[in-house]
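**Q** Sharing a structure below in C-alpha cells format, with a few things to ask.
The values are calculated or read from the model by the stated rules, or taken from the named source; none is laboratory data. In this text the structure is predicted, and so the values were computed from the model without any measurement. Cβ placement follows ideal geometry from the backbone for every residue including glycine, while neighbour counts extend to all protein chains displayed. Only protein heavy atoms, including side chains, enter the accessible area calculation; ligands, DNA and RNA are left aside. Shrake-Rupley method; radii C 1.70, N 1.55, O 1.52, S 1.80 Å.
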Amino acid sequence: MSVLKPPVSNNDQSAGNLNSSIVLVEFGDYQCPYCGHAYPLIKRLLKENSNSFHFVFRNFPLQEAHPAAFMAAVAAEAAGMQGSFWPMHDMIFEHQQKLKGFDIFIDFAEKLQLNLQQFAEDVKSAHIIKKVESDFESGIRSGVNGTPTFFINGSIAPYDGSYESLLRSIE
C-alpha cells in the first residue's frame, strides 16, 4: 500500500482548512491533461467544502512526456515567494494548452502584478528548484507513477476522474 512520504509540512503549498483532520494531497503535473481535468474538480471541492479539509499540491512534473511541466512548477513556486502560488497555479492550469516556452510564465507573472525582477531571480534559485525536486522525490518515495495521484490522510485515495470520487475521499 502506498503511503505519503514525507508527511505534509509547512513547506507544502496548501489551501482549505489548515487545521482539518482530513488532508487531501495531489501530486500533479501542470502539462498533464488528466491533471487539467482534475483542476476544476479540485477548485469546486475547495469552493464547496474548504472548511472540511486541508488541500496540498505537490509538484510531480513528468518531464519526458511534458517538457514544460518542470518550468511550470518552478514558476508556480517562484510566484509563491511573492504570496501568489495559487493564482499562478490556477493561471497555468487555465492556460495549459499555451505552455510552450518560458515567456508565457513571464506573461503570467506580469498579469498577476508580480515583481518581475524578483520572479526572474526566483525561477533560477536553487531553493525553488530544490523544492520542485523534493516534491517529485516525495512522489517517487510515496509510490506515485502517474498524475494526478491523490492521497487522503497519508494513504492513496481512489480517484476515477469524477468529482464524486474526490468528494467521497474527504467525507
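**Q** For the chain, report the accessible area per residue in Å² (1.4 Å probe, heavy atoms, rounded to an integer).
**A** Result: 50 Å² per residue.
**Q** Which ³J(HN,Hα) values, rounded to whole Hz and listed in residue order, are derived for segment 34-44 from phi using the Karplus coefficients 6.51, -1.76 and 1.60 in 6.51 cos²θ - 1.76 cosθ + 1.60 with θ = phi - 60°, glycine and proline given as x?
**A** Going residue by residue, I get 6, 5, x, 6, 6, 3, x, 5, 5, 4, 5 Hz, with x marking Gly and Pro.
**Q** Express the carbon and sulfur contribution to the solvent-accessible surface of the chain as a percent, rounded to the nearest whole number, probe 1.4 angstrom.
**A** Summing carbon and sulfur atoms, their accessible area is 51 percent of the total for the chain.
**Q** Grab the beta carbon distance between ASN115 and LYS47, set R0 = 35 Å, and tell me the FRET efficiency rounded to 0.05.
**A** 0.75
**Q** Let me ask something else. Using 0.36 nm per residue of separation minus the Cα-Cα distance, give me the extension gain between ALA126 and LEU167 in nm, one decimal.
**A** 11.1 nm
**Q** Would you compute the Debye intensity of segment 29-113 from its alpha-carbon atoms alone, equal scatterers and no solvent, and pass along log10 I(q)/I(0) at q = 0.20 Å⁻¹ to two decimals?
**A** Treating every Cα as an identical point scatterer, log10 I(q)/I(0) equals -0.92.
**Q** List the lysines whose Cα sits under 26 Å from the Cα of LYS43, skipping any in the same chain fewer than 8 residues away.
**A** Cross-link targets: LYS5, LYS98, LYS100, LYS111, LYS131.
**Q** Which of SER21, SER142, SER134 ends up with the largest GNM mean-square fluctuation for the chain, with Cα atoms connected below 10 Å?
**A** Comparing SER21, SER142, SER134 in the GNM, the peak value goes to SER21.
**Q** Ignoring solvent entirely, what values of log10 I(q)/I(0) come out of the Debye formula for segment 4-75 at 0.18, 0.28 Å⁻¹ when each Cα is a single scatterer?
**A** -0.74, -1.25
**Q** Which of the trypsin sites (Lys or Arg not before Pro) found in segment 71-171 are loop residues per DSSP with 12 or fewer other Cβ atoms within 10 Å of their Cβ?
**A** Those that pass, being in a loop and sparsely packed, are LYS100, LYS124.
**Q** Run through every distinct alpha carbon pair of segment 74-171 and return the Kirkwood hydrodynamic radius in angstroms, one decimal place.
**A** Taking every pair of different Cα atoms in segment 74-171, averaging 1/r and inverting gives 15.2 Å.
**Q** Please list, ordered by chain and number, the residues whose modelled amide H lies under 5 Å from the amide H of LEU114; skip anything fewer than 5 residues away on the same chain.
**A** none
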